[in-house]
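Working notes, beginning with the structure itself.
The values are calculated or read from the model by the stated rules, or taken from the named source; none is laboratory data. These figures come from a predicted structure and were not determined experimentally. Counting neighbours? That spans all protein chains shown, and the Cβs are built from the backbone with ideal geometry, glycine included. Side chains included, ligands, DNA and RNA excluded: accessible areas come from the protein's heavy atoms. Shrake-Rupley method; radii C 1.70, N 1.55, O 1.52, S 1.80 Å.
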Amino acid sequence: MEKQVIQTVGFRNIVENGEVTGFQFKVRLPYYRGVFLSQLRPGTVIIDGESISKENVLWNVKGEDFTAEEMKHDFKTHWSVQVPAVIKVKKPGGLSQGYHDLTYGFSFTSSYMPPIMQNDEALDPDKESMIFMPEFGHHVNSRRMIIV
Amino acid sequence: MYRYDKKGPKRGVALYSYSAEFGLTKTLEDCFEDVHDMGAHGIEILANTHIENYPYPTDEWVENWHHLCEKYEVEPVEYGNWIDSHVLGYRDLTTEESIEMLCRDIRLAARLGFTCMRTKMPVINEKLEPVLNWREIIKGALPVAEKFGIKMMPEIHTPTNLKSDMVKQFVDFAKETGTECFGINVDFSVFRTKFSEHEWVDPLYKANDPEDIIPLLPYIYCCHAKFINMNDDFEETTIPYPEVLKVMMDHGWNGYLLSEYEGADKYQDGYEVTQMLRKQHIMMKRILGD
């Protein structure tokens with residue numbers, strides 16, 4: 001795994017039935033323990049300045065695709081700190097060859113943290129948390145990526 | 001199953017210490033080898049971190065786990081788990097659902113050969129008080145814990161004081177139920193007396209004296225040997241280790257001291273926590289006469 005949250009390996013266009021329907025990338029969990037999917041708060045993908053809302057994004061964990069709505073109710077499927085999740089973004093035509101600026105935000109709940117750090121505002125996946133704690137990582141991560 | 005029968009305080013390592021390196025530059029086996037290098041015989045894992053495919057590891061993974069314990073002469077001591085009753089954002093798990101989650105962890109801990117669990121409870125306020133139904137959750141899981149001989153322990157960590165009402169409630173619960181499967185894990189952060197000049201200190205925090213641990217010893221089955229700063233003379237400069245360990249030895253306490261490093265500097269590029277762990281283990285060896 002790469003140290004950055006957004007991984008280079010796994011970044012490519014998605015081809016379905018001969019048609020490019022979007023792109024995918026992988027993220028690792030920058031926390032010290034794995035989380036159940038319902039603990040995740042997926043945010044917005046920003047690719048070259050274009051925002052793509054969470055409704056057009058799937059998470060693939062343990063080989064299975066999950067919508068944001070499905071994740072919200074799933075407290076049995078566990079995402080490991082050792083295995084990146086695949087983020088699949090719907091975007092007909094995909095991405096062109098060359099550089100792309102990618103930003104993605106996600107956060108997660110933690111049952112032992114004080115409630116003030118667990119409300120919707122504190123956990124907004126598209127904004128940084130009030131206090132940065134290295135073992136929780138950043139909500140929002142950015143990386144310049146290359147499609148071949 | 002590897003067992004190490006030395007009496008008194010024994011040395012171990014909480015693998016949480018490697019959190020900035022695990023999965024990136026260190027494998028589980030690397031951590032085991034490092035513990036072995038230090039001559040330590042106990043280990044704490046975090047279930048949700050170190051067990052591949054948690055909470056349903058394969059038989060192959062479990063077999064390899066036992067192989068690692070034998071190979072590196074390491075005893076599975078404490079299984080770190082969370083009662084995650086806030087796991088759904090829109091409602092709390094019911095008491096029954098929480099018990100089910102806890103029992104799943106007890107069974108897995110037993111399958112891996114652990115004897116203790118650091119059972120983290122979900123909190124409800126800024127004072128970090130546990131959910132109101134914690135007694136019902138623990139009671140519901142006690143028959144399974146007793147069947148497998150697993151001791152569940154909330155961790156007592158700064159800013160909580162050993163003389164606080166929270167600790168009293170946990171000890172009272174153990175007394176009332178008469179169970180040996182519930183106790184506390186004392187994190188040595190409660191003994192910290194020195195802070196650096198610009199460091200933020202919780203206004204609720206008051207350092208415990210080493211003697212404060214004496215009445216709690218019967219309920220402590222292992223400790224987090226928290227350390228903050230080790231100097232090059234192998235001394236911890238913020239926590240009175242010699243005094244704390246002497247009190248524990250003088251009162252005949254048996255159990256594991258699990259080294260835990262949680263300084264944020266471990267996330268800096270190039271930092272290797274084993275440098276600090278090794279210094280701390282030299283200190284503990286000297287104090288324990290190990």
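Side notes on the structure shown:
- Rounded to the nearest angstrom and listed largest first, the equivalent-ellipsoid semi-axes of chain B from its Cα gyration tensor are 27, 24, 19.
- For the pair B and A, the buried accessible area comes to roughly 2800 Å² in total, with a 1.4 Å probe and the value rounded to the nearest 100.
- Placing +1 on the Cβ of every Lys and Arg and -1 on the Cβ of every Asp and Glu, with no other charges, gives the protein assembly as shown a dipole of roughly 320 debye about its Cα centre.
- Of all DSSP bridge pairs formed entirely within region B:9-288, close to 5 percent run antiparallel.
- Put a dot 7 Å past the Cα of B:Asn53, heading toward its Cβ, do the same for A:Lys3, and the two dots end up 3.2 nm apart.
- Computed E for A:Glu50/B:Thr25 - FRET, C-beta separation, R0 25 angstrom, nearest 0.05: 0.10
- Taking each of B:Lys120/B:Lys163; A:Lys72/B:Lys266; B:Lys175/B:Lys206; A:Lys76/B:Lys175; B:Lys26/B:Lys279 in turn, the alpha-carbon distance tops 24 angstrom for A:Lys72/B:Lys266; B:Lys175/B:Lys206; A:Lys76/B:Lys175.
- Compactness of region A:6-147, taken as the C-alpha radius of gyration over 2.2 N^0.38 Å, stands at 1.03.
- The simple spin-label model puts a point 7 Å past each Cα toward its Cβ; for B:Cys103 and A:Asp101 those points are separated by 5.4 nm.
- Positive dipole terminus of the protein assembly as shown, leading residue within B:Tyr267, B:Val35, B:Ser19 (C-beta point charges): B:Val35
- Delta accessible area of at least 30 Å² on complex formation, residues of region A:93-139, 1.4 Å probe, chain isolated as reference: A:Ser111, A:Tyr112, A:Pro114, A:Pro115, A:Pro134, A:Glu135
- Annotation: lysines with alpha-carbon distance below 16 angstrom to A:Lys127 (same-chain offsets under eight excluded): A:Lys54.
- Here region B:1-137 is treated with +1 on each Lys and Arg Cβ and -1 on each Asp and Glu Cβ, and its dipole about the Cα centre works out to around 520 debye.
- With R₀ fixed at 51 Å, the C-beta to C-beta distance from B:Leu132 to A:Ile146 puts the FRET efficiency at about 0.45.
- Shown for the protein assembly as shown: the carbon plus sulfur share of the solvent-accessible area, taken with all protein chains present and a 1.4 angstrom probe, equals 51%.
- In this simple spin-label approximation, B:Tyr267 and B:Val201 carry label points 7 Å from Cα along the Cα→Cβ vector, and these lie 2.5 nm apart.
- Diffusion coefficient, µm² s⁻¹, Stokes-Einstein with Kirkwood Rh over alpha-carbon pairs of the protein assembly as shown at 4 °C and 1.567 mPa s: 56
- Lys, Arg +1 and Asp, Glu -1 on Cβ, resulting dipole of region B:9-288 about Cα centre, debye, nearest 20: 700
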